[in-house]
Structure formats: structure tokens, C-alpha cells
Amino acid sequence: MSVVVVGAGLAGVACARVLADAGVPVRVLDRAHTPGGRMASRVHAVQGVDRPIDTGAAYFTVRDPEFAGVVAGWRTAGLARPWTSELAVLDHGERLRAPGPMRWAAPGGLRSLVAALAEGLVVELGHEVRRVGAGPTVDGEKADVVVLAMPDPQALQVLDPCLGAVALAADRPWRPVLAVAAEYGERCWGELPAAFVNDHPVLSLIADDGARRGDAAPVLVAHTVSDVARRFDADPCAAIPLVVAAMGELLGITAEPVWTQAYRWRFASPERDRSVPFHLGEDGIGLAGDGWGSARIETAWRSGTLLGREVVRRLTRL
């Protein structure tokens, strides 16, 4: 038996974790040089000290009892921490409150959680897959099952057009986002875990990275609306002045940032949710990720985990 998982984000690593624990040989391939996918963290020097900054997902929530057990392990290991159960809402000049479930963060960046789950797995980074074909095959190499754990548009780039999974992966559009990180000379925006921004032409969310990391570093990360991300797709850094000005207007910041950096997420989230947690065809092609359900980190873990269990059931009855 052999399984290839393409994508070392949370869904792919969770799937591979189930397979490896069941004794099924599995390889995880990813073109990036670090695991994590959209749970991305980049290291920047902030006030002379290197620290991670979350540049993809802003936080995660916990609803599923099994996922809660995984999170409890991360918390015991010092990898995850409860952050806040209340976010602000910036709405046409007003600052409102949005109580909700506990939002969790990671002192070492969200990517560190995926890296911890991947410990002991065969993960080949810097490995770009060009074609998944019938058989199934990965770049001509046969496998019993191939799992694509990635946004649908990325899966479409590697799936052979003759495969049945193509129709599923092409059934809805995805929204892009630009994330802009900015360090300031001091914390000049008051108390702000994070804020949703309603009906704004530039921003949809602002997160206080020092608050979620727990070190009070003067760093903000803003997420743009999709129209801005599309407008600046070819040159994300060109959007930085627009984003910095919008943060200043919304939070009353008059100082200029020490440094800024933009990150492009062409496939940040799907336009519509799905009602099923994964796909596994009779041809041995599987699809998983946070697009299989509502777009959350927890959804990615659940999708990969449930698909991994289904692959184990299928292979062990052969």
C-alpha cells in the first residue's frame, strides 16, 4: 500500500498523521519550503528580536470534541494559547463589540502547530507536483491513493482533466486576500485583540499580532477585501500605502510604520461552503481541506482526519 498526500497544510498533515498511525506508508509532498499552508508564519526582526508573525489565518476556534483534544495537547506543550473571546467591530466610525467563541493563537505562530503535527512523518518540501493522473499517479509514479489537500483552484492546476475530481474542484470561485504586516515604533492603537471591519473599501480585518502572540510587540496585520487583492494581484506591495492609510484612519494611528510587508493569498477562502467533509473517488483520488465545510482551521483538520480514516478503511479491506 502507498499513499501520496499533496499539500503540507493542516488538512494534508492531519490526513497523513492518521495514515501513518494506522501503519499505512504515506509521503507528503509540498512545493513550499516549510509546512503550514495558509497557517503561515513569517519571521521578522521586531525591535531587534526575530519573532514569527502570522501572515495567513488570523486565529482558530474549537468546536469539534476530537479537535479539542488535539488543541489540549498543543496547549500542554506550550504551542497554543487561548487568546480572546471578544473581537472589536469597526463599523462606519463606530467601534462595537463582537462576543463569540474563544479564539486561539500560537506563541510560535500558527505554522508551528502544523509542524508539530508533522513530526515523524515523511514530508518532502520543495517538491512541486506537476500532474496527478489516472491510476492514480503522481508525475507518472503509481500510488494506491493520492490526496490533494489544497484549495480547489490549485488542485485543478495539477489534476488531469479526465479525472472525475475535476468537476468537483471547479464548482465554485474562491476569494483572494492580501495580508499586510506592519511594525510601529510603539503600540499606538489602544486595546485591540483584533477587529472585523464592516463595509470598508480596503480592509476586512485587523489583528494585533503582539496581543495574539502574547509579547505585546507593536505589530499589526491587516487583511484586505477581495476587490483590493484582485486589483493588486500582480504587485501586492503596491497596496501597502493604501492599507497603512486605512489602518491609520480606522485606529487613529498617525505614526508611519518602521517596516511593512505584503503577502498574497490568491485562494484564501471559497465563496460557498460544502456540506460534506471530503471527497474520495473510486479512482483513488481524494480531496480535502478547509473548503470542505465552513472555511476554518478546525475544518481543515477535520477534513484531513476523516479522509485519512476513510483511506485506511478502503485500503485495509483490499
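The values are calculated or read from the model by the stated rules, or taken from the named source; none is laboratory data. For clarity, every value in this text was computed on a predicted model and none was experimentally measured. Counting neighbours? That spans all protein chains shown, and the Cβs are built from the backbone with ideal geometry, glycine included.
Data table
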| quantity | calculated |
| --- | --- |
| Condition check for Gly286: part of a strand (DSSP E or B) and assigned by TED's automatic domain parsing to the domain that holds Ala32 | yes |
| Lone qualifier among Arg51, Arg17, Arg42 - being buried (at least 18 other Cβ atoms within 10 Å of the Cβ), closer than 23 Å to Leu220 by Cβ and not assigned by TED's automatic domain parsing to the domain that holds Val197 | Arg51 |
| Unmet criterion (only one of (1) over 23 Å from Gly252 (Cβ atoms); (2) in contact with a Ser or Thr (Cβ under 9 Å, 6 or more places away or on another chain); (3) not basic (Lys, Arg)) for Ala167 | (2) |
| Residues within the stretch 214-227 that are within 19 Å of the chain's Cα centre (by Cα) and buried (at least 22 other Cβ atoms within 10 Å of the Cβ), tallied | 5 |
| Test for Leu156: is it over 20 Å from Arg42 (Cβ atoms), out of contact with any strand residue (DSSP E or B) (no Cβ under 6 Å at 6 or more places or on another chain) and in the same structural domain as Trp292 (by TED's automatic domain parsing) | yes |
| Residue in the stretch 191-213 that is under 21 Å from the mean Cα position of the chain (by Cα), crowded, with 21+ Cβ neighbours inside 10 Å and either within 23 Å of Arg274 (Cβ to Cβ) or not assigned by TED's automatic domain parsing to the domain that holds Ala238 (or both) present | no |
| Leading residue by the ranking (nearest to Phe267 (Cα to Cα)) among those in the stretch 1-37 that are of a type in the set (Val, Ile, Thr) and in a helix (DSSP H, G or I) | Val13 |
| Gly252 touching a residue at least 60 places away in the same chain (Cβ under 8 Å), out of contact with any strand residue (DSSP E or B) (no Cβ under 9 Å at 6 or more places or on another chain) and more than 30 Å from Leu79 (Cβ to Cβ) | yes |
| Residue, modelled with the lowest pLDDT, within the stretch 144-173, restricted to residues that are acidic (Asp, Glu) and in a loop (DSSP other than H, G, I, E, B) | Asp171 |
| Of all residues in the stretch 289-318 being over 26 Å from Ala57 (Cβ atoms) and outside any loop (DSSP other than H, G, I, E, B), the one that is modelled with the lowest pLDDT | Thr316 |
| Val180 vs. criteria surrounded by 19 or more Cβ atoms within 10 Å (Cβ to Cβ), assigned to a helix (DSSP H, G or I) and touching a helix residue (DSSP H, G or I) at 6+ places or on another chain (Cβ under 8 Å) | no |
